[in-house]
Amino acid sequence: MILFDPAYVKPDRSWSAARHEALPAKDLALENFGREIFANIIFLGALARRLRLFISAGDFLRALTERTPKFSAENRRAFELGCARHNEVAA
């Protein structure tokens, strides 16, 4: 599975049979936070949702809060948005 943001990348499906899933993280970050830098945390939330059998969302959030305490509220919201949005993308 290849998760990508169509604002940054146009996937080349010719070299990979993997499923491609678009996640408009840049647009979501700008709409919800006014800054595209939160797109990376939205992607992290989507990834955490994908890896939930191996690492919990709570562990991801704890590590994120420890590393970036200044933006913990915004990061939490962006992370949760990525988790929720992943459900829509994967459906």
Item to complete: Run LEU3 past the list (1) surrounded by 15 or more Cβ atoms within 10 Å (Cβ to Cβ); (2) touching a residue at least 24 places away in the same chain (Cβ under 8 Å); (3) part of a helix (DSSP H, G or I) and report the number of the one that doesn't hold.
Response: (3)
Practice prompt. Would you check which residues across segment 33-48 are farther than 16 Å from ASP5 by Cα, surrounded by fewer than 20 Cβ atoms within 10 Å (Cβ to Cβ) and free of Cβ contacts under 8 Å to residues at least 40 places away in the same chain and list them?
Written response: GLY34
Item to complete: Look through segment 49-71, keep the residues that are hydrophobic (A, V, I, L, M, F, W, C) and touching a residue at least 12 places away in the same chain (Cβ under 8 Å), and return whichever of them is surrounded by the fewest Cβ atoms within 10 Å (Cβ to Cβ).
Response: ALA57
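All of the numbers you see were taken from the coordinates with simple rules; none came from a lab. All figures in this text were calculated on a predicted structure; none of them were measured in a lab. Please note: Cβ atoms are built from the backbone with ideal geometry, for glycine as well, and neighbour counts cover all protein chains shown.
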